[in-house]
Structure formats: C-alpha cells, structure tokens
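Working notes for the structure below.
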Amino acid sequence: MSTHRRRAVVIGAGIAGLGAALRLHQAGWEVLVAERAPARRSSGYAVAFAGLGYDAAERMGILPELVERHITPDRMDYMRPDGRTRFSVPGPTVRALAGDRALNILRGDIEDVLYAAVTGRTPNTVEIRFGTSIVGVEQDADGVDVTLGDGTVERADLLVGADGLHSATRRLVFGPEDYMRLDLNHMAGVFMLDTLPDGVEPGVTASLTDTGRTLAVVSLGGDRAVAFFGYRTERPMAELADGPRVALPRAYGDMGWVAPQVLTQLPGAESVYFDTVSQMVADGWSRGRVVLLGDAAWCVTLFAGYGSSLAVAGADALGAALERHADDLPTALREWEAEIRPEAERKQRLGRQVKGLYAPADPFRLWLRDLPLRFASYRPVSALLQRRLQLTS
Ligand SMILES: Cc1cc2nc3c(=O)[nH]c(=O)nc-3n(C[C@H](O)[C@H](O)[C@H](O)COP(=O)(O)OP(=O)(O)OC[C@H]3O[C@@H](n4cnc5c(N)ncnc54)[C@H](O)[C@@H]3O)c2cc1C
C-alpha cells in the first residue's frame with residue numbers, strides 16, 4: 001500500500017461538500033474545498049434529516065450537534081386565503097409522523113455543524129477557500145489538475161464535484177446540464193424573514209395552498225421565520241431567468257393571507273434561494289478521478305425531502321469506500337455508486353410521484369391531499385402517510 005497522503009479537491013461548501021471534506025479528513029486525506037460564495041451563509045429552509053443520512057451523521061460523530069439544532073413546530077396550521085385556519089395538525093402528531101430517528105433542522109444549521117467539525121480538527125488538513133470557482137479540469141493516470149478562478153492549479157488524486165444542481169464540475173467533465181436535468185415544472189423560493197407576519201403564531205408552521213401554489217411560513221421562535229414559496233409553472237427556466245424579485249410577486253401578488261406582508265420583506269432579504277425543482281439523471285457519477293456528490297449527482301428535489309440526508313450519506317459512503325480501496329480508486333468509486341444509487345433512485349421516484357401534492361392543480365385535488373393530513377393523529381392514517389412519503393425505510 002502506498003504511503004503518500006492522498007489529496008482531494010472538493011468544489012462547493014454545501015452539505016455534500018463539507019460532508020465529503022469531513023469524511024475524507026477522517027479517512028486521512030488532505031482536502032481543499034473551493035466555494036464560490038464569498039463567505040459562509042447560514043440562511044436556509046427547514047429540512048427533514050433522517051434515514052441513511054441520520055445513520056451516517058452518527059458514524060461521523062456530528063449527530064449530537066445536529067440534535068441540538070433540531071426544531072419542531074408546536075403545530076402546523078393549514079390556512080384559508082382570508083386568514084382563517086382550515087385545520088391544524090398538532091406538534092406531537094408531526095413528530096410521530098417523522099419517526100424517532102429524524103430531525104427537522106435548518107439547512108444552514110447542518111452546514112454550520114459540518115463546518116465547525118471540519119475546521120475544528122487538529123491537525124487540520126482541510127483548507128476552505130471562499131470566493132473561488134472551478135474553471136478547468138485535466139486528468140491523467142496519476143492525478144487531476146483543477147484550475148480555480150483565483151488562477152491556481154491544484155493537483156489532486158480526486159476531484160469531488162459537490163457544487164449543486166447547476167454544477168460547473170459536471171458541465172466541465174460530464175457535459176451540458178440540459179441533457180441530464182429533468183424539470184418537475186415547479187419553482188421553489190425561500191428567504192429568511194426579519195419579522196414574523198401578523199397572523200402566524202410563534203412556534204407554528206403555517207401554510208396556504210391554493211390552485212397551483214403554496215406559501216408557508218415557518219416560525220423559528222422569537223421574530224425569526226422562514227418563508228417558503230412553491231408553485232407550478234410550465235416555463236421553469238424562464239421563471240429562473242426572471243429571478244425571485246420579479247417571479248415571486250407575479251405568482252403570489254394576489255394570494256391573500258400573509259402573502260403581502262411576506263412579499264414586502266423580499267426586496268430587503270439578505271439572500272434568496274430561488275430555483276427550478278429539477279432532478280439530475282446521470283447514468284454514472286464518476287469519470288476517472290472526478291466524482292459528483294449530492295445535488296450535482298442525483299438531486300432528488302425537495303419533493304422527496306431527502307437531499308440533505310442523501311448528501312451526508314453519500315459523503316460517508318464515499319469516505320468508507322476510499323478507506324476500503326485505498327489504492328484502487330475505480331473500485332472504490334464503483335462500489336460507492338452501487339451503494340448509493342438504489343436509494344437515490346428510490347427517492348427520485350418518490351419526488352416524481354408526490355410532486356402534485358405540493359401545489360395541487362385544483363380545489364378537489366387539494367381536498368384529497370389534505371384528507372389524510374386532517375386525520376393524521378389516527379394511527380392507521382399516519383401509517384399510510386409514512387409509507388406514502390417513505391418516512392420510514
Ligand atoms: C426548498 C427546499 C426544501 C428542501 N427540503 C429538504 C428536506 O426536507 N430534506 C432534505 O433532506 N433535503 C431537502 N432539500 C434538499 C437539500 O437542501 C439539498 O439536497 C442538500 O442541501 C444537498 O445540497 P448540496 O450540498 O449537494 O448542494 P448545494 O446545497 O446546492 O451546495 C452547493 C454548494 O456549491 C457552491 N457552488 C456552486 N457552484 C459552484 C462553483 N462553480 N464553484 C464553487 N462552488 C460552487 C454553492 O455556492 C453551494 O455552497 C430541500 C431543498 C429545497 C430547495
């Protein structure tokens with residue numbers, strides 16, 4: 001077995017990238033993470049974190065810190081446009097639905113925990129470089145040269161493309177995005193609110209769904225809250241090109257409830273997430289010394305509610321495969337993909353199956369969607385919901 005310390009360049013400091021940095025560090029690798037954003041961002045939406053990701057977080061030693069950041073709604077209120085409540089699901093029912101080994105956590109908090117774990121190691125063999133992107137890749141039998149936007153060329157044994165749905169690594173090595181992106185004809189927008197809108201109680205998650213669109217406000221305690229927008233569209237790329245400040249007021253301007261109050265906070269929001277809801281369908285996640293991880297590889301979408309979990313699980317499995325086959329990268333990457341792909345494809349199927357639930361096309365479908373939720377505290381109904389949403393494996 002060779003004794004040289006292996007080196008990886010990871011593109012993207014999201015959950016997948018930081019997860020890979022942590023796990024490769026644990027496997028004895030030296031890691032450089034290149035992140036396009038100028039600094040750490042802590043904003044984000046609340047995500048469910050469970051299943052393989054939960055198990056992986058436990059193995060990686062970060063579960064206690066994640067558990068500390070767990071937030072759980074006191075209640076979920078389903079609203080009418082005039083501000084009256086249609087029905088509520090009590091907090092204990094929401095928790096029971098999610099199952100025991102599951103967390104509800106801000107996406108940015110998962111990143112924070114991973115970042116602290118990566119940077120808090122001694123000796124530290126992980127460098128994180130902000131404000132730089134990938135611009136070129138050349139590989140040969142002995143290594144891969146990664147050219148970064150800051151002009152440096154970094155030689156490594158492995159390049160991990162963890163740069164999200166619109167991955168530049170994937171474009172450079174695997175080809176144009178259009179051939180692999182499956183649009184599910186919805187848009188998602190998220191931003192942090194400075195002020196909790198009147199009509200949403202602290203600690204409550206409240207949402208209004210009308211024809212083809214949903215607005216949810218997740219209260220995080222105090223005045224802090226997250227606004228989530230999800231709506232149907234036949235022209236996702238055009239919506240994306242218009243951007244959130246044009247597209248969201250256009251789609252929600254006439255919605256009623258707290259939509260006007262929320263939209264007033266949009267121009268001043270520090271960072272707004274706005275993207276198409278799309279899956280990545282690639283028939284292989286590695287080419288030589290380049291491997292894709294997280295949304296760059298498989299994006300299962302928010303409809304599956306599993307992207308963060310899968311990003312951490314994928315990072316852990318990658319580290320484990322590289323430990324098993326320290327001198328045989330092709331075998332390590334092949335085994336890794338064989339382990340993760342079935343779960344990623346299962347969650348992609350779920351995402352396609354349930355996409356109609358997020359913003360039902362008409363009032364009847366909305367009524368049908370809500371029927372099981374109204375009775376979610378009854379055991380047979382909650383068991384049905386858990387099976388349908390793959391909340392238990
Ligand atoms: C509204 C919403 C709700 C969701 N809900 C859930 C849920 O309930 N449960 C769940 O598990 N998942 C959920 N997800 C999915 C989850 O957030 C992602 O799947 C997960 O965060 C994995 O992300 P990633 O690290 O692969 O990519 P990203 O989070 O996109 O991170 C990519 C990183 O790469 C950086 N980057 C991009 N391009 C470059 C470049 N060229 N050079 C350098 N850096 C670059 C970006 O700045 C970013 O930091 C949800 C997603 C959305 C949008």
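See the values below:
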item	result
Mean projection area, nm², convex hull over Cα of the range 36-182	13.3 nm²
Residue 41 paired with residue 339, simple spin-label distance in nm, labels 7 Å along Cα-to-beta-carbon	3.1 nm
Dipole magnitude (debye, nearest 20) for the chain, charges at Cβ of Lys, Arg, Asp, Glu	1120 debye
Gaussian network model of the chain, springs between alpha carbon atoms under 10 Å - residue of 109, 100, 145 with greatest fluctuation	100
Under the Karplus curve 6.51 cos²θ - 1.76 cosθ + 1.60, θ = phi - 60°, whole-Hz ³J(HN,Hα) for the range 142-150, x wherever Gly or Pro sits	9, x, 10, 9, 10, 8, 9, x, 7
Pairwise centroid distance, computed over Cα atoms, of the range 153-205 with the range 51-101, Å	22 Å
Net charge of Cβ neighbours under 12 Å - reference residue 316; Lys, Arg +1; Asp, Glu -1	-2
Computed accessible area, residue 130, all protein chains, 1.4 angstrom probe, square angstrom	60 Å²
CD proxy at 222 nm, helix term only [per DSSP H run n ≥ 4: -39500 (n - 2.57); per residue of the chain; nearest 500]	-11500 deg cm²/dmol
Highest-first arrangement of 359-366, 289-296, 154-161, 165-172, where packing means the average Cβ count within 10 Å	289-296, 154-161, 165-172, 359-366
Rounded to 5, percent antiparallel among DSSP beta bridges of the chain	70 percent
Ratio of the Cα radius of gyration of the chain to 2.2 N^0.38 Å, where N counts its residues	0.99
Residues whose placed amide H lies under 5 Å from that of residue 211, excluding near-sequence neighbours	none
Average Cα contact separation per residue, the chain, under 8 Å, 6 or more apart, as relative contact order %	22 percent
Listed residue (91, 134, 144) projecting farthest to the positive dipole end of the range 87-153, Cβ model	91
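The values are calculated or read from the model by the stated rules, or taken from the named source; none is laboratory data. Values in this document were obtained by computation on a predicted structure and should not be read as measured data. Cβ atoms come from the backbone with ideal geometry, glycine included; neighbour counts cover every protein chain shown. Please note that ligands, DNA and RNA were not included when accessible areas were found on the heavy atoms of the full protein model with its side chains. Shrake-Rupley method; radii C 1.70, N 1.55, O 1.52, S 1.80 Å.
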